[in-house]
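The values are calculated or read from the model by the stated rules, or taken from the named source; none is laboratory data. Nothing here was measured: the structure is a model prediction, and the numbers come from that model. So basically every Cβ, Gly included, is an ideal-geometry build from the backbone, and we count neighbours across all protein chains shown. What goes into the accessible areas is simple: the full protein's heavy atoms, side chains included, and nothing from ligands, DNA or RNA. Shrake-Rupley method; radii C 1.70, N 1.55, O 1.52, S 1.80 Å.
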Amino acid sequence: MSDNRYVEIANLTKAYPNPFGQDVAVVKDFNLILRKGEVVSVIGHSGCGKSTVLTMLAGLNPISSGSLVVDGREVAGPGPDRAVVFQAPCLLPWMTTFENVMLGVKQVYPHGTPAERRQICEYYLSIVGLADSMRKYPREMSGGMQQRVGIARAIALRPRMLLLDEPFGRLDSLTRMDLQDVILEILDREKITTVVITHDVDEAIYMADRVCMMTNGPEASVGQVLEIPFERPRIRADVLDHPNYYDFRACLLSFLEKQEHNKSSHVEAFEERQRQERELQTSASDRQLETEPASV
Amino acid sequence: MSSTESSAETFQPTVGSLVQYVELWLLSEDESSLECRASASVGAGVRGADGRSVSSGEGLAGAAWKQKTATILQETPSDLMASLNAAAAAPAGDLSAFVAIPLFCQQEMRGVVVLGLSDAFGAIEVWSRDDRDELAVTSGHYQGLPSFEFITRYTRFPKGAGLPGMVWKLGVAQLAQNLDTSSGFIRSFGKDPAVITSALGLPVASQRGFPASVLLLLSAQDIPLAGLTELWSCSSTRDDEGSMTAAVDSVDTVGGSMTTTLAGWQREILSRVNSHGQPLLLGADSLSLPAGATFSLSLPIYRQNELCNVLNMMF
Ligand SMILES: Nc1ncnc2c1ncn2[C@@H]1O[C@H](COP(=O)(O)OP(=O)(O)OP(=O)(O)O)[C@@H](O)[C@H]1O
Ligand SMILES: [Mg+2]
């Protein structure tokens, strides 16, 4: 398996039926290839289908057509090789931080000794800065701390892929920056192939080796991919000071603006096509009715 | 009355077009070399064969032939300017870059067209597939587009993305207009002196229906590619003896609209393309061009072995 094509998303399509029973492809012919260890951020307007792509990659959402291959294997369902972190961490409230992380570790290291498993949990919790909060319950922690637990839980699985869906969307900007650095540090060390969805263009640039810009739905797909050439490990001040930082930023913002500007015409054109399709079908079935003898 | 005919009737020669000079190179009889069969300059009209000939890999036309990809030269060969001046055939505007476009029908080379560009605002780009099967610019020429050029270096298009990705996916040429406002044109962000309004994407050297590379010609509203640029969409039918004949399904005009009715000169070009499948460079003496036009250049574009487009530029 080539490391150049570690994750291959080919013609990925997801369709849901509309109230008329027609298939509406939310995402259509989405193509993207990730190298091993690469971090790709995905930006696009709300509702375009970012989470749909991510949950399909996670194996949580069946695909309608196309293919999804991770490390040479077709994605067939969820698995510990692809860890997901959502906006809210969904911790079990009756378990401590440590126990929440241990839950996954037990599954992934069934043959490890209790001491080994404990070490793994402690190691990843300390990496996310929770060495002192391992015995705390979720209700005793802030949103940012809970999200740290979610991150530790995901990384402790030693996944092939890390899938992050707006992981910092609910956090204040300081906590957000803290956690971006926590994740970047982990990724620098563990080189996990990562997809991170975000609405924040600065976050998209700072975190990623490349930014995938999604077009508006329906039939959303990749509009453009932008390579981010900044060195790793990333130092925030250096990135922000880079003479081309604002060119990359302007490029992403301009993409989003143009998508927004053409949103209604895109949707109208799509709905018109669907209406015509319905009319064709109705007239075809009318003709069929005319020629068929009435049954009694 | 179709608007093709009306646009042709109102043809205004544009001295300030991006393309200022054209050469037509066809294979010699024994197919061992390319011969320059005709050239033309805006303002000076068409000249016949000038005796130049190159082997594969030699000169700009020979390089495009050998590499099977559009090839850009960002300077003007001094001997070329000298010979054009001597023959009083130099174009009205200065030339700043050249692009040689090889035309293939499957593996068969049908000719090379060289375009000489003025130093006006605009760009040409060659997009090639990289090691992860995305399109990246492998060579480009830009005028008045510094931030566009910068961002392009970092831009990749997977299959189906952007204009280059669409040309790759569909295997046919694409014309995109009103780019300054459309969501399709996503590399510009308003900082450049030039505003690109139309882009023409051409598949080059198709293999199994997919182009090996994509050539983009990008131009601004007030400096169009040519006096009149049309992209014809064609489809072919096979007769009883198995030979293909193409018909034009629609004509998309830069700055104009889509039509289906052909004027006399367009029918003439189609019949010539159907009979030998080579690019054409014809002056007003050999083709009944609309009043005001001095010459016309036609590039036949094939997918597999079927004619899918003709790019037609009039000056
Ligand atoms: N089960 C479903 N049935 C029908 N449509 C659905 C279903 N799930 C999602 N959709 C539609 O799919 C589209 C994409 O949703 P998705 O959640 O992937 O968007 P998103 O880009 O993640 O948006 P956001 O940025 O707001 O999180 C939306 O228009 C949504 O309405
Ligand atoms: Mg979402």
Fraction of accessible area attributable to carbon and sulfur, chain B (%, probe 1.4 Å)
47 percent
Separation between the A:H261 and B:A291 pseudo-spin-labels, each 7 Å from Cα along Cα→Cβ, expressed in nm?
3.9 nm
By the C-alpha gyration tensor axes a ≥ b ≥ c (rounded if a/c is under 1.5, else prolate when a/b exceeds b/c, else oblate), the shape of the stretch A:53-181 is oblate
Indicate the residues belonging to the stretch A:233-261 that lose 10 Å² or more of solvent-accessible heavy-atom surface (probe 1.4 Å) upon moving from the chain alone to the assembly of all protein chains, ignoring ligands and nucleic acids.
A:N244, A:D247, A:F248, A:A250, A:C251, A:S254, A:F255, A:K258, A:Q259, A:H261
Pairwise centroid distance, computed over Cα atoms, of the stretch B:232-278 with the stretch A:8-40, Å:
36 Å
Here FRET efficiency (C-beta to C-beta, A:V69 to A:E227, R₀ 30 Å, nearest 0.05) is 0.85
In degrees, nearest ten, helix A:173-190 long axis to first principal axis of chain A (Cα):
80 degrees
Local electrostatic count, B:F295, Cβ distance below 15 Å [Lys/Arg +1, Asp/Glu -1]
-1
1.4 Å probe accessible area per residue over the stretch B:121-222, in Å²:
33 Å²
If you roll a 1.4 Å probe over the heavy atoms of the protein chains, what accessible area per residue do you get for the stretch A:90-158, in Å²?
52 Å²
Around B:D119, with a cut-off of 13 angstrom between Cβ atoms, what is the net charge of the other residues, counting Lys and Arg +1 and Asp and Glu -1?
-2
Quick calc: nm separation of the 7 Å Cα→Cβ label points for A:E190 and A:Q281 -> 4.5 nm
What total accessible surface area, summed over both chains, is buried at the interface between chains B and A, computed with a 1.4 Å probe and given in Å² to the nearest 100?
2200 Å²
How high is the relative contact order of chain A, given as a whole-number percent (alpha carbon pairs under 8 Å, six or more residues apart)?
23 percent
Want the number for B:A49 to B:T261: 0.36 nm per residue separation, take away the alpha-carbon distance, what's left?
73.0 nm
Could you pull out the pairs from A:K136/A:K191; A:K50/A:K258; A:K50/A:K136; A:K14/A:K258; A:K36/B:K68; A:K28/B:K68 whose alpha carbons sit more than 22 Å apart here?
A:K136/A:K191; A:K50/A:K136; A:K14/A:K258; A:K36/B:K68; A:K28/B:K68
Per residue of chain B, what 222 nm ellipticity follows from adding -39500 (n - 2.57) for every DSSP H run with n ≥ 4, rounded to the nearest 500?
-5000 deg cm²/dmol
Suppose each label sits 7 Å from its Cα in the direction of the beta carbon; what would the A:L240-A:T113 distance come out to in nanometres?
4.8 nm
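Using a 1.4 Å probe on the protein heavy atoms, what percent of the accessible area of the stretch A:111-215 belongs to carbon and sulfur? Display every interim value, and only then the final one.
On the way: 2040 of 4250 Å².
For the stretch A:111-215, the apolar C and S fraction of the accessible surface comes to 48 percent.
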